[in-house]
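Asks: Once you've had a glance at the structure underneath, I'll fire off some questions.
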Amino acid sequence: MVRKIRIILAFGLYATNLRCSISNIQPTSHGKTWWTQREDLSRKRSWNVESPERLLYKQPSATRGGSDVMAVTPWLAPIIWEETFNPELVDAIYKPMNLTIATTVFAVGKYIRFLGEFLETAEKHFMVDFKVHYHIFTDQPQEVPAVNLAAGRKIFVHQVPKLDRWQDISASRMQMIQTIIEEQVHREADYIYCQDVDAKFHFRWGAETLDRLVGQIHPWYYDLSRDQFTYERRPESTAYIPSGVGDFYYIGAMFGGTVEDVYRLVKKCHENIEADKAKGIEAAWQEESHLNWYLLHNKPSKVLSPEYMWDDQRGKTEVMRVIRLSQILKNYGEVRENV
């Protein structure tokens, strides 16, 4: 059966683009800050879509379509579903670019038990034939499993403290990702994707996801109205989103993009989390609430469908042709701290 794709075009669009201030960035030996160097790289980066000669692939259709899924946001960002892209063509375009993709996962406390399966299935399905740097944040570096990695793929282990509350572990992610970008990732990677460790890859998760700023629609909210989203609703919080406002509810378990754009995101979210903390406020869903605020005001340039991070607890719905990565079934009361 052919997938029905709904495309909505919006005219006269406007979007507030809130840019966070970039401070405390030290100059390099060449007199430029690493941030300035990354900005220069971004301006010079070729965004041309160069297709190899004599590559044969199925002709795209401008007329086939219907109404079961949306393939373009109102601000004209693509929403990636199965059958909205040609994987052979995408790989032929992106693989010659010699890109490095960093990915972060947090395996703290009992969550270390999920790391082996995450890495083993990632090696089968995640950015296959690309250079990938796995950045593992854990309080138990000695428990990081040995995994056979393909050529050009590396594991970096970063020891972090074990915190008393799972909410604190969740909220600290933005700061830790900011720090690792400043200290290492900005020198080594073109893109960075931040994921949850309690997940398993099942199907291709590839270069079709690459873009400047990428968010993913939450698997439990893709078919609900915005007033059913669990945004932070208290005006006192920096993550506040009022009723009647919102595009999608984005999952905190997956976001990414170019290193410089993810840096802006995590830095601003960290600043807002600290501002809330100073007022004695913890957002409803910690960093996920702040992520949703950021992506409301800084529209993602690409949106991933729930295929790219599903929840096994929900089961497969009719709209899901494939499940590429899913959060595995588990007892949260047993694996989370202080539940």
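The values are calculated or read from the model by the stated rules, or taken from the named source; none is laboratory data. Not measured: the values here are computed from a predicted model. Cβ coordinates were reconstructed from backbone atoms using ideal geometry, including for glycine residues, and neighbour counts include every protein chain displayed. Heavy atoms of the whole protein, side chains included, go into the accessibility calculation; ligands, DNA and RNA do not. Shrake-Rupley method; radii C 1.70, N 1.55, O 1.52, S 1.80 Å.
Asks: Taking Phe201, is it open to solvent by 10 Å² or more (accessible area, probe 1.4 Å) and under 19 Å from the mean Cα position of the chain (by Cα)? Outline the logic, then answer.
Replies: Working: open to solvent by 10 Å² or more (accessible area, probe 1.4 Å): no; under 19 Å from the mean Cα position of the chain (by Cα): yes.
Spelling it out, it is not the case that Phe201 is open to solvent by 10 Å² or more (accessible area, probe 1.4 Å) and under 19 Å from the mean Cα position of the chain (by Cα).
Asks: Let me ask another. Would you tally the residues in segment 193-228 being of a type in the set (Asp, Glu) and farther than 24 Å from Ile180 by Cβ?
Replies: Result for segment 193-228: 3.
Asks: If you don't mind, there's one more thing I want to ask. Just to check your reading of the model, which residue among Arg19, Arg113, Arg54, Arg64 is of a type in the set (Lys, Arg), at pLDDT below 90 and surrounded by 11 or more Cβ atoms within 10 Å (Cβ to Cβ)? Quick ask: steps written out before the conclusion?
Replies: On the way: Arg19 fails: surrounded by 11 or more Cβ atoms within 10 Å (Cβ to Cβ); Arg113 fails: at pLDDT below 90; Arg54 fails: surrounded by 11 or more Cβ atoms within 10 Å (Cβ to Cβ).
The unique qualifying residue is Arg64.
Every residue, every condition in (1) in contact (Cβ under 8 Å) with a residue 40 or more places away in the chain; (2) surrounded by fewer than 14 Cβ atoms within 10 Å (Cβ to Cβ); (3) in contact with an Asp or Glu (Cβ under 6 Å, 6 or more places away or on another chain); (4) under 19 Å from Tyr308 (Cα atoms), yes or no:
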| position | (1), (2), (3), (4) |
| --- | --- |
| Val90 | yes, no, yes, yes |
| Gly109 | yes, no, yes, no |
| Thr121 | yes, no, no, yes |
| Asp139 | no, no, no, no |
| Val144 | no, no, no, no |
| Ala151 | no, yes, no, no |
| Ile155 | no, no, no, no |
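So that you can scan it fast, the table gives a plain yes or no per residue for (1) part of a helix (DSSP H, G or I); (2) farther than 27 Å from Arg38 by Cβ:
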position	(1), (2)
Leu89	yes, yes
Ile101	no, no
Phe106	no, no
Lys110	yes, yes
Arg113	yes, yes
Phe118	yes, yes
Ile180	yes, no
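Asks: Kindly indicate the residue of segment 302-339 that is open to solvent by 60 Å² or more (accessible area, probe 1.4 Å) and hydrophobic (A, V, I, L, M, F, W, C) and also modelled with the lowest pLDDT among those meeting that condition.
Replies: Per the criteria, the residue is Val339.
Asks: In a helix (DSSP H, G or I) and either of a type outside the set (A, V, I, L, M, F, W, C) or more than 19 Å from Val303 (Cβ to Cβ) (or both): is that true of Asp227 in this structure?
Replies: Yes.
Asks: Ok, one more. Can you find a residue that is outside any helix (DSSP H, G or I) and at pLDDT below 95 anywhere in segment 182-189?
Replies: So in segment 182-189, the residues outside any helix (DSSP H, G or I) come out as 189.
Now drop any that are not at pLDDT below 95, which leaves none.
Checking segment 182-189: not a single residue is outside any helix (DSSP H, G or I) and at pLDDT below 95.
Asks: All but one of (1) assigned to a helix (DSSP H, G or I); (2) at pLDDT 95 or above hold for Glu274, so report the exception by its number.
Replies: Among (1) assigned to a helix (DSSP H, G or I); (2) at pLDDT 95 or above, Glu274 violates only (2).
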